[in-house]
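Accompanying notes for the structure given below.
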Amino acid sequence: MPTAFQKELGTLAHRLADLCALVAIALEEATRSVLESDHTLGGRVRDDVAAIGALGAACEDQACALLALHAPREEDLKAVVAAVCTAVDLTRMGGLAREVAEPRRVPLEVRPALGRLGGHAVAAARALRGLLGGEGDAGLADAVALAEAAERGLREAARGCGAGAAVDVVLLAALYGRFAGTSALIARRASGFASVGA
């Protein structure tokens, strides 16, 4: 039978899954704002990121309360530290989504490649949400690998743009790459955390 600590850790894992879902939505909206040159949608991403920051801080507070109210064993202590790091990383991923939504020069000819990269990065975040929610990580490794390939493709496509637009496109490629890479990093760390909190 799970202890009170394990039940609370499971609750925290589900809150982190909710946080990850918000992060995926923010990046999806940010991608649409770039593809459609929709600054109103970009403003909505800023609101999403504010909600991500608030939930991330609440997750960190909950993890600290777990440490204060319980005397966790070493394995449980590692799980709580992993949860704090996960909350911080997910909050940073929200910041990356906000950066994606900033107005940029993205030529029409590279937008399909950008859309593919955005789709794979969002898929990685959604798969990570499944892992954090205890549903397994189906498709996460594939989504991250596809995002890496799409990032290289977008960088290659940027060579055909003018200098200013190429800088913007390469910057977007890097933002998406960091987003997908952070999903993979969290998944490696969270595999132990999710099993303790289950």
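Computed from the coordinates by the stated procedures, all read-outs in this text should not be read as laboratory data. The shown structure was predicted, so the numbers you read here are calculated from the model rather than taken from an experiment. Please note: Cβ atoms are built from the backbone with ideal geometry, for glycine as well, and neighbour counts cover all protein chains shown.
Assuming a ≥ b ≥ c are the square roots of the Cα gyration tensor eigenvalues, decide whether the chain counts as rounded (a/c under 1.5), prolate (otherwise, with a/b larger than b/c) or oblate.
Prolate, because a/c is 1.5 or more and a/b exceeds b/c.
Which residue, Ala58, Ile186, Leu16, has the largest displacement toward the positive end of the dipole of the chain when charges sit on each Cβ (Lys, Arg +1; Asp, Glu -1)?
Ile186
At a Förster radius of 35 Å, what calculated FRET efficiency corresponds to the Cβ-Cβ distance of Glu75 and Leu185, to the nearest 0.05?
The calculated FRET efficiency here is 0.95.
Specify whether the C-alpha gyration tensor of the range 124-168 places it in the rounded, prolate or oblate class, a ≥ b ≥ c being the square roots of the eigenvalues: rounded for a/c under 1.5, otherwise prolate if a/b is larger than b/c and oblate if not.
Verdict is prolate for the range 124-168.
Can you list which of the trypsin sites (Lys or Arg not before Pro) found in the range 143-181 are DSSP loop residues with at most 13 other C-beta atoms within 10 Å?
Listed in order of number, the matching sites are Arg159.
Is there a quick way to get the dipole size of the range 1-83? I mean about its Cα centre, with the Cβ of Lys and Arg at +1 and of Asp and Glu at -1; what is the value in debye to the nearest 20?
In total the dipole reaches around 140 debye.
Multiply the residue separation of Asp38 and Leu108 by 0.36 nm, subtract the distance between their alpha-carbon atoms, and state the gained length in nm to one decimal.
Residue separation times 0.36 nm, minus the Cα-Cα distance, leaves 23.8 nm.
Is there a quick way to get the dipole size of the chain? I mean about its Cα centre, with the Cβ of Lys and Arg at +1 and of Asp and Glu at -1; what is the value in debye to the nearest 20?
The dipole of the chain has a size of about 300 debye.
Between Ser37, Ile25, Ala68, whose Cα lies farthest towards the positive end of the dipole of the chain when Lys and Arg beta carbons carry +1 and Asp and Glu beta carbons carry -1, centred on the Cα centre?
Value computed over the given set: Ser37.
At 0.36 nm per residue, and after removing the present C-alpha to C-alpha distance, how many nm does the segment from Arg152 to Asp61 gain when stretched out fully?
Gain on extension, Arg152 to Asp61, equals 28.9 nm.
What distance in nm lies between label points placed 7 Å from Cα along the C-beta direction at Ala54 and Ala4?
2.9 nm
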